[in-house]
Amino acid sequence: MRVLDGIVLEARWKTFGCPASIACSEALCAWAEGRTLGEVKAVTAAEIEAQVDGVPEEKRHCPELVVAGASALTPVLPGGEPGGSGLSWAAS
């Protein structure tokens, strides 16, 4: 994610998995742009599931995984090193 002054400018997520996990990841990215980093880190699995119009019972873990990744966002320097205060944030 690219963040400026606490606002998400760009959100990207590389997902390898089933269609439900890919859809949930895409939904988070689309939802996150223009929101504050605090909002992104506080998103719930129910909110993500609503964005994709629900997931099958056996795929309920997919929005949970996306939320876990969003809550684990930490700053990284432009070169990818953790601990920076620059524009980029990544799941650790």
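The values are calculated or read from the model by the stated rules, or taken from the named source; none is laboratory data. Remember, predicted model here, so these are calculated numbers, not experimental data. Every residue, glycine as well, gets a Cβ built from its backbone with ideal geometry; the counts of neighbours run over all protein chains shown.
The chain holds no helices (runs of 4 or more DSSP H) entirely within its bounds that carry 2 or more residues that are touching an Asp or Glu at 6+ places or on another chain (Cβ under 6 Å) and at pLDDT 90 or above.
For the range 16-43, taking the residues that are without any contact (Cβ under 8 Å) to a residue 12 or more places away in the chain and over 11 Å from the mean Cα position of the chain (by Cα), the one that is surrounded by the most Cβ atoms within 10 Å (Cβ to Cβ) is identified as I22.
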